[in-house]
1. In the stretch 118-135, what count of residues is obtained for those that are under 18 Å from Ala171 (Cα atoms) and assigned to a helix (DSSP H, G or I)?
2. Looking only at the stretch 160-172, decide whether some residue is surrounded by 12 or more Cβ atoms within 10 Å (Cβ to Cβ) and under 13 Å from Gly114 (Cβ atoms).
3. What are the pairs with Cβ atoms under 9 angstrom where one residue, in the stretch 68-89, is of a type in the set (Val, Ile, Thr) and the other, located anywhere, is assigned to a helix (DSSP H, G or I) and open to solvent by 80 Å² or more (accessible area, probe 1.4 Å)? Sequence gap at least six, or different chains.
4. With Ser49, Ser41 as the choices, which residue is of a type outside the set (Asp, Glu), surrounded by fewer than 11 Cβ atoms within 10 Å (Cβ to Cβ) and in a helix (DSSP H, G or I)?
5. Any idea how many residues of the stretch 91-126 are over 14 Å from Ser63 (Cα atoms) and open to solvent by 30 Å² or more (accessible area, probe 1.4 Å)?
6. Which residues, counting only those in the stretch 69-90, are open to solvent by 50 Å² or more (accessible area, probe 1.4 Å) and either among the hydroxyl-bearing types (Ser, Thr, Tyr) or on the phi > 0 side of the Ramachandran plot (or both)?
7. Name the single residue, out of those in the stretch 136-152 being open to solvent by 50 Å² or more (accessible area, probe 1.4 Å) and part of a helix (DSSP H, G or I), that is nearest to Ala171 (Cα to Cα).
8. With respect to Asp176, is the statement that it is outside any helix (DSSP H, G or I), closer than 30 Å to Leu39 by Cβ and not basic (Lys, Arg) true?
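The values are calculated or read from the model by the stated rules, or taken from the named source; none is laboratory data. From a predicted model like this one, the values you see are computed outputs, not experimental measurements. In this analysis, Cβ positions are derived from the backbone assuming ideal geometry, glycine residues included, and neighbour counts consider all displayed protein chains. Heads up: the accessible areas ignore ligands, DNA and RNA and are worked out on the full protein's heavy atoms, side chains in. Shrake-Rupley method; radii C 1.70, N 1.55, O 1.52, S 1.80 Å.
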Amino acid sequence: YYEQVIAESDDMQLLSRAYVEAAQLYEQENNTDAEIQLLESAVSKLEDSQKTLLYEMLAGAYSNKAASGENTQEYYGRAKKLLQDLIDSGYATFVTRINLAAADQGLGEYEEAGQVLKEAQEAYPQDYRADMRLAYLYAKWQEKVPVENRNYQKVQTCYESAWKKYQTALANGQEDQDMA
């Protein structure tokens, strides 16, 4: 039905909604190729004012495709470009920054990922997720260091900070599997 709306409607609001809903269905079905194709079509057809969410979704689909191991560098690169464009245009959210750091990490650009996460920490000092992601990043980064030279102090520091902030989220009934 969404594809029928997309094919027949000229209403930009309706089209935007149909694209978003159809893409979410493809994501639920783990049909990343169809999701990417649909979202790329959406961003080429819709007006700029309706593209922000679609760019976020497309970057997520690119990252999912990269994480599957298929053309990893290409798809993380595409995700990074979209997310960086969103940040540069002033439409970035906290999640945009976290996703950019994940794309940087996927590309092996650990310093860039760390910088993005540190900026997210500064912009959102009460949110545990930047600290948590930094702990994961530093742990992954240490895999690149010879075993005898590894140092997990930054991992521990970030984890402790994240855990302290996470207690507020837990008190408010919010649970996060990544934090657990």
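1. 3
2. Among the residues of the stretch 160-172, not one is surrounded by 12 or more Cβ atoms within 10 Å (Cβ to Cβ) and under 13 Å from Gly114 (Cβ atoms), which makes the answer no.
3. none
4. Working: Ser41 fails: surrounded by fewer than 11 Cβ atoms within 10 Å (Cβ to Cβ).
Residue meeting the stated conditions: Ser49.
5. Result for the stretch 91-126: 14.
6. From the stretch 69-90, those open to solvent by 50 Å² or more (accessible area, probe 1.4 Å) are 69-71, 73-74, 78, 80-81, 84-85, 88-90; that's our starting set.
If the condition is that a residue be open to solvent by 50 Å² or more (accessible area, probe 1.4 Å) and either among the hydroxyl-bearing types (Ser, Thr, Tyr) or on the phi > 0 side of the Ramachandran plot (or both), then Gly69, Asn71, Ser89, Gly90 are the ones that fit.
7. Quick first cut of the stretch 136-152, residues open to solvent by 50 Å² or more (accessible area, probe 1.4 Å) only: 136, 140-141, 143-144, 146-152.
In the following step, the residues that additionally are part of a helix (DSSP H, G or I) were identified as 136, 140-141, 147-149.
Working: Tyr136: 23, Lys140: 30, Trp141: 32, Val147: 38, Glu148: 40, Asn149: 39 Å.
The residue in question is Tyr136.
8. Numbers: outside any helix (DSSP H, G or I): yes; closer than 30 Å to Leu39 by Cβ: yes; not basic (Lys, Arg): yes.
Criteria met by Asp176.
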